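What follows is one structure encoded as structure tokens, with my remarks underneath.
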Amino acid sequence: MILGLQRVLVGGESKQTRQLAIATFGLHQLLALYLLVQHELWRDELQAWSIAKASTSPLDVIRNTQFEGRPPLWQLLLWPLTRLFDNPNTMKFVVFAIGSAAMWLWVRNTALPSLIRVLVSFGFLFTGGYFGHSREYILMLLLLLLAITAINKNPLSNSSTLAICLLSTVNLFGLVMAAALTLATVLLPSIRRIKTPISTSTFAAIARVAVLTTAFAINAFWIYPKQESQFGVGTYIGWQKPIANAIFPFAESLESNQTMWAIFAVITLLLLAYGLLRTNRIGFAYLLSACAVLSLNASFGYAFYWWHWGAVAIVAVTSPLLKTEISTPRFGYRLIVFSLFVIACSGLIANWKGPGELVYGKTPYSMSQTTADQLKEICQPDCTIIVDWDATGAAISAHLGGKSLYYLNRQEFGTFALFVRTNVSPTWEQAISTMQQFDRPILVTTDLLTGVLPNDLEMVSAPWGGVWDNALILQLATKPIRPQ
């Protein structure tokens, strides 16, 4: 077991509990597979594929991710797959494999009450959220559970050091979790060994701290916005909305006071923290340090979405998993279970209210594949595809096998998006002028070209009405590809 609360569960797991865990895993796998198959990949997912597809080597992947705001581990994982397949939907198999391993660790190696395990397993983050989207967040969850498993066996082992380093290489949230785990479980034991008379273990402890510090520094440097980056640190947006949606992800869809939900969320986290303080101070240190940084980060800039807020909930449900050497008082245990029950039920409700409404709704999640399919039909035998915004263009390019498109906001051909300061907001005049330079131009406008459609352009198709990546396909009236 990977949880310090195992002392409360006298006698260990029963046969019925094990059977329930296996049944939960099997049912969850069927649900996760169905959701992955039904899910339409959107631009953020397809951007990672486009980068991996366009890169000629792993070193090229590293160069091409310098403006992504996250380390390149996910793109490096996708790179071999892009050498074998053109269809970006194949990365869903990677997500399913990673998610299967993470779910098995969760349901079989977690000595939480069965009800909590089941509720968390079928909450939004563990279904249509991290398990249903082909992004690096599912890798973050797996590496977090692997790191906790390794730490509980031996926090000073090479396997725990490796797992923590890999966790820090996923994204900002993984870096925060890795640093919090190091602070709570690795740092003090390593310092104690350094202070002892010099021996092999002393040098090993120094090397361990040096390796972890170096990994954190490199990944922090990679994540922090560069001078050429299009996006900066961001401005303060308030603490209420991020913390409310972290614990109650359905709150945003309700016409109610966000401050009230934020207060309820803080109370829930404080109850969990107090329960951990009474029972598991290692888990308490991990929860406090990680949630403090994650909540601060969510209050700045661009953290408007559930995949940002969800990191706080992941820290909350994994904080009791860290092994403790002290006895577990019943009162502290009940506080932990109650807090986790509230968080788990909120995640379950979010399948119907809040983020689940968009992910599971009848509205297509992304129009990028529909747009790409229509462009294939329109552009027979070929044409020059011009896109106003390379973020959506990267999604279309991915569905076209990595085809190079002309991006108006960059004024150059490309495949994946480059989030750099030199990007511009194009105008209709620039779009028409660019189209006139090519024999068979077709224009895809997404978010940047606004206002009245000029008379020089004709509507060819309108793949519109999705949650993300809506588009209009236009042609020059003087160079029609499809006669009106």
query: Just a yes or no: is a residue in the stretch 219-232 more than 28 Å from ILE98 (Cβ to Cβ), of a type in the set (A, V, I, L, M) and surrounded by fewer than 16 Cβ atoms within 10 Å (Cβ to Cβ)?
result: no
task: Run down ASP373, ASP388 and say which single residue is touching a residue at least 60 places away in the same chain (Cβ under 8 Å) and of a type outside the set (A, V, I, L, M, F, W, C).
output: ASP388
Only listed residue being more than 29 Å from HIS39 (Cα to Cα), surrounded by 15 or more Cβ atoms within 10 Å (Cβ to Cβ) and aliphatic (A, V, I, L, M), chosen from LEU418, LEU457, LEU474, LEU449: LEU457
Conditions (1) within 21 Å of the chain's Cα centre (by Cα); (2) at pLDDT below 95; number of the one not met by SER425: (1)
query: When only residues in the stretch 328-359 that are touching a Leu at 6+ places or on another chain (Cβ under 8 Å) and among the aromatic types (Phe, Trp, Tyr) count, which is nearest to VAL467 (Cα to Cα)?
result: PHE341
- prompt: Could you list, in sequence order, the residues of the stretch 349-381 that are crowded, with 20+ Cβ neighbours inside 10 Å and within 20 Å of the chain's Cα centre (by Cα)?
  reply: ALA350, ASN351, GLY354, PRO355, GLY356, VAL359, TYR365, SER366, SER368
- request: Within the stretch 56-82, track down each residue that is hydroxyl-bearing (Ser, Thr, Tyr) and more than 26 Å from TRP468 (Cα to Cα).
  value: THR56, SER57
query: If you take the residues of the stretch 233-253 that are β-branched (Val, Ile, Thr) and touching a strand residue (DSSP E or B) at 6+ places or on another chain (Cβ under 8 Å), which of them is modelled with the lowest pLDDT?
result: VAL233
field: Residues of the stretch 348-376 classified as over 18 Å from ALA462 (Cβ atoms) and among the charged types (D, E, K, R), total
entry: 3
message: Please pick out the residue among ILE237, ILE223, ILE218 that is in contact with a Lys or Arg (Cβ under 7 Å, 6 or more places away or on another chain), closer than 30 Å to VAL420 by Cα and not acidic (Asp, Glu).
response: ILE223
task: For LYS195, state whether it is touching a residue at least 60 places away in the same chain (Cβ under 8 Å) and basic (Lys, Arg).
output: no
message: Can you say whether ALA292 is free of Cβ contacts under 8 Å to residues at least 24 places away in the same chain, of a type outside the set (Asp, Glu), in the same structural domain as GLY174 (by TED's automatic domain parsing) and buried (at least 23 other Cβ atoms within 10 Å of the Cβ), as far as the supplied structure shows?
response: no
message: If a residue must be closer than 30 Å to ASN64 by Cβ and polar (S, T, N, Q), how many such residues does the stretch 229-268 contain?
response: 3
message: I'd like to check something: does the stretch 392-401 contain any residue that is surrounded by 22 or more Cβ atoms within 10 Å (Cβ to Cβ), at pLDDT below 95 and either of a type outside the set (Lys, Arg) or in contact with a strand residue (DSSP E or B) (Cβ under 7 Å, 6 or more places away or on another chain) (or both)?
response: yes
task: Filter the stretch 366-410 down to the residues that are in a helix (DSSP H, G or I) and among the β-branched types (Val, Ile, Thr), then identify the one that is farthest from ASN89 (Cα to Cα).
output: ILE378
task: Check off (1) under 21 Å from the mean Cα position of the chain (by Cα); (2) under 23 Å from PHE304 (Cα atoms) for PHE216 and give me the number that stays unchecked.
output: (2)
field: Residue in the stretch 106-123 that is closer than 29 Å to VAL211 by Cα and in a helix (DSSP H, G or I) present
entry: yes
task: Would you be able to say whether some residue in the stretch 325-335 is closer than 30 Å to PHE419 by Cβ, in contact with a Lys or Arg (Cβ under 8 Å, 6 or more places away or on another chain) and part of a helix (DSSP H, G or I)?
output: no
message: Can you go through SER229, SER256 and tell me which one is more than 26 Å from ALA184 (Cβ to Cβ) and modelled with pLDDT under 80?
response: SER256
- line: Filtering helices (runs of 4 or more DSSP H) wholly in the stretch 153-212 for at least 2 residues that are in contact with a helix residue (DSSP H, G or I) (Cβ under 6 Å, 6 or more places away or on another chain) and at pLDDT 95 or above gives 158-168, 172-181
message: Among the listed residues PHE413, PHE438, identify the single one that is aromatic (Phe, Trp, Tyr) and in a loop (DSSP other than H, G, I, E, B).
response: PHE438
message: Let me confirm something: among SER346, SER339, which residue is in contact (Cβ under 8 Å) with a residue 60 or more places away in the chain, in contact with a Phe, Trp or Tyr (Cβ under 6 Å, 6 or more places away or on another chain) and either of a type in the set (Phe, Trp, Tyr) or part of a helix (DSSP H, G or I) (or both)?
response: SER346
task: Would you mind stating whether ALA32 is assigned by TED's automatic domain parsing to the domain that holds LYS353, touching a residue at least 24 places away in the same chain (Cβ under 8 Å) and assigned to a loop (DSSP other than H, G, I, E, B)?
output: no
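The values are calculated or read from the model by the stated rules, or taken from the named source; none is laboratory data. All figures in this text were calculated on a predicted structure; none of them were measured in a lab. Cβ coordinates were reconstructed from backbone atoms using ideal geometry, including for glycine residues, and neighbour counts include every protein chain displayed.
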